[in-house]
Amino acid sequence: MAYSTTITRHKTREVAVGDKVVGGSNPIWIQSMTTTNTFEAEPTLAQIKALEEAGCEIVRVTVPKKEDVAACVAFRDRINIPLIADIHNDYRMALACLDAVTPSGKRAVDKIRINPGNINQGKPERFKEVIRKAKDKGVPMRIGVNSGSLEKDLIDKYGFPCPEAMVESALRAIETCESFGYHDLIISLKASHVPTAVECYALYATKADYPTHVGITEAGSREYGTLKSAAGIGAIVLRGIGDTIRVSLLGDPVPEIAAGFDILRACDRRVNKPEVVACPTCGRLDIDLERIVAEVETLMSKRKEPLRISILGCLVNGFGEAREADIGIAAGAGKGVIFKKGIPIRHVLEADMVQALLEEVERFDEDTPALKSFLEKEEKKAKALLTVLN
C-alpha cells in the first residue's frame, strides 16, 4: 500500500479449528451460520456450499436435537471448511457432537459453541461434563456470552447486561475450563447494542488472551445490519481485537461473507482484493465519475491484488489524494493524470481512463521495484538538501 498505519493486534493464543488456526498472527477468518433446519441435511449442505463459494472460511450450524447431530455426520465429509456445532440449552447435544464421527473417521464437528448463560440451567456439572469430553476429544470450544442470556446471578449483581457482567461471565467460564486443564477456547461477547459490544471486547482484552470471535448479534436487515455490524466490528478490530468475525444479517447468509471481507478491507485488517475509492459528487465534478468508478469496480471485483485505487474527479484535492493510493487518477475537463505510488506516470483522456487504469493494475507488480528505487533516491536527495539548508 502507498501508506501504512500500524494497529497493534491484541496478542492472543492460537487455537486450531479444523484446518484454520484462530488467533496469534493468523488471518482474521470470516464466519457465517446456516439458516436451514440442520436435520434437513441436503438443504443445509447446499447452503454451506453456497457459503463456501462466496468465500466463507468457517461455518456454524444449529444443533438443538439428535437428528441435527446425525445430519452433521451425513454431510461433514462433503464440505471443505471447518464446521461448528451451536449448542443451545441441551448439554447432551454437545456430548453427542463431540462423540460423533463420519464414515471416513473424521470428526463430525471441528468446534462447539456453548452459551454459559444457557448450558448449566442451575446444574454446573453439565458444563463440566462437556469440558471433560471436549478436552478428551481434542475439540475446541467457543464460550459465547450473549447480552440476552446472561446468568441470573450476574443480572442480580449488576442489574443489567453491562460490559462488566458479560466479561465476568466469560472469565468465570474460562476459569472453569482451566481448572480441568482445558485451554482450547475462543471467546465471544455479543450484544445488539454497539457501544456495549465495543466496550465488552475492549474490557476483555485487558483481562485474558484467548482469541476472540467478534460480531454484533441481532444486527437486523441486510442494509441496516451491515451498517451496524460495520460500526461495531470495525470499532473493535481497529482496536486490534478480533481473530474471527461474523456479520449477522436477516435472511440469506451468503451476503454476510462479502460484508465481512468489506469491513476488514475498509479497516485495513485483511485486504483480499483491490479497494476502489472515489471523491463524492460535488459542483466541481466535470467528468462522468460514476460511470468510470462503476466500470473500474466491475473490472476489479474478481482480482485479488491488495491495491488501493483512487479515482478523483476534480483538480482541487485530486492531485494530493491520488498520490496517496497505489494507483490514482486526478481528472478534470475530460482528461487526467495517473499516479503510481505517488509518481505521475501518464496523461490520459476521459475516454481512455478505465483502460489505462486496468493497464497499470496489470503491470503494477513488475513496475513496483523500479518505483521503489526511484522513491528511495528521491528521498535521499530530499534529505541531503535539508542537511545543506540546515
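Using 0.36 nm per residue of separation minus the Cα-Cα distance, give me the extension gain between residue 290 and residue 218 in nm, one decimal.
Values: separation 72, 0.36 × 72 = 25.92 nm, distance 3.37 nm.
Here the segment from residue 290 to residue 218 would lengthen by 22.5 nm.
Kirkwood Rh over alpha-carbon pairs of segment 1-132, then Stokes-Einstein at 4 °C and 1.567 mPa s: what D in µm² s⁻¹, rounded to an integer? Let's see the in-between values first.
Numbers: Rh = 16.0 Å.
The Stokes-Einstein estimate is 81 µm²/s.
With N residues in segment 234-282, what two-decimal value do you get for its Cα radius of gyration over 2.2 N^0.38 Å? Could the numbers behind the result be given before it?
Details: Rg = 12.7 Å, N = 49, 2.2 N^0.38 = 9.7 Å.
Normalised Cα radius of gyration, segment 234-282: 1.31.
If each residue of separation counts as 0.36 nm, what is the full-extension length gain between residue 335 and residue 305 once their alpha-carbon separation is subtracted? Don't skip to the answer; put the middle values down first.
Working: separation 30, 0.36 × 30 = 10.80 nm, distance 2.64 nm.
Difference between extended and current length: 8.2 nm.
Output wanted: per-residue J couplings in Hz (rounded whole) for segment 184-199, from phi through Karplus 6.51 cos²θ - 1.76 cosθ + 1.60, θ = phi - 60°, x for Gly and Pro.
Taking θ as phi minus 60°, the curve returns 7, 10, 10, 10, 10, 9, 9, 9, 7, 7, 4, x, 5, 4, 4, 5 Hz for segment 184-199.
Quick one: what are the phi-derived ³J(HN,Hα) couplings along segment 342-350, Karplus 6.51/-1.76/1.60 with θ = phi - 60°, whole Hz, x for glycine and proline?
Karplus values, whole Hz, x for Gly and Pro: x, 9, x, 10, 6, 9, 9, 7, 4.
In Å and on Cα atoms, what radius of gyration and Dmax does segment 15-266 show?
That works out to 16.9, 50 Å for Rg and Dmax.
If you split all Cα-Cα distances of segment 169-234 into 5 Å bins from zero, what percentages do you get per bin, shortest first?
In whole percents, the pair-distance histogram is 3, 18, 25, 19, 14, 10, 6, 3, 1.
Express in nm, to one decimal, how much length is gained between residue 157 and residue 128 on full extension, taking 0.36 nm for each residue of separation and deducting their alpha carbon distance.
Details: separation 29, 0.36 × 29 = 10.44 nm, distance 2.35 nm.
Net length gain for the segment: 8.1 nm.
Sequence neighbours fewer than 8 away in the same chain don't count; with that in mind, list the lysines whose C-alpha is under 28 Å from residue 207.
Straight-distance partners of residue 207: 11, 20, 111, 123, 128, 133, 135, 137, 152, 157, 190, 228.
How tilted is helix 254-266 with respect to the longest principal axis of the chain? Cα atoms for both, answer in degrees (0 to 90, nearest 10).
The helix 254-266 is inclined about 50 degrees to the chain.
Report the charge-dipole magnitude of the chain in Debye, nearest 20, computed about the Cα centre from +1 at each Lys and Arg Cβ and -1 at each Asp and Glu Cβ. Intermediate results must be reported in sequence, preceding the final value.
Values: 53 positive and 55 negative charges, 199 e Å.
Roughly 960 debye, rounded to the nearest 20.
Could you order the peptides 209-217, 268-276 from most to least packed, using the average number of other C-beta atoms within 10 Å per residue?
Values: 209-217: 24.4, 268-276: 18.4.
Going from most to least packed, we get 209-217, 268-276.
How high is the FRET efficiency between residue 239 and residue 42 when r is their beta carbon distance and R₀ equals 56 Å, given to the nearest 0.05?
Details: r = 42 Å, r/R0 = 0.74.
Computed FRET efficiency for residue 239 and residue 42: 0.85.
Show me, for segment 151-162, the HN-Hα J-couplings you get by feeding each phi into the Karplus relation (A = 6.51, B = -1.76, C = 1.60, θ = phi - 60°), rounded to Hz, glycine and proline as x.
Computed from phi, the couplings for segment 151-162 are 4, 4, 5, 6, 5, 4, 5, 9, x, 6, x, 7 Hz.
Toward the positive end of the charge dipole of segment 130-224, about the Cα centre and with charges on Cβ (Lys, Arg +1; Asp, Glu -1), which of 195, 145, 130 goes farthest?
Comparing the listed Cα positions along the dipole, 130 ranks first.
Where the Cα atoms of segment 21-83 are projected onto their three principal axes, how long is each span, largest first, in whole Å?
Its Cα atoms span 38, 22, 20 Å along the three principal axes.
How compact is segment 176-317 by the rule of thumb for globular proteins, expressed as Cα Rg over 2.2 N^0.38 Å?
1.30
List the residues, sorted by chain then number, that are 5 or more residues from residue 346 or on another chain and whose placed amide H is less than 5 Å from its amide H.
Residues meeting the amide H criterion: 338.
At 7 Å along Cα-to-Cβ for each site, give me the label-to-label distance between residue 25 and residue 227 in nm.
3.9
Computed from the coordinates by the stated procedures, all read-outs in this text should not be read as laboratory data. What you see is a predicted model, and the numbers here were worked out from it, not measured in a lab. Neighbour counts run over all protein chains shown; Cβ positions are idealised from the backbone, glycine included.
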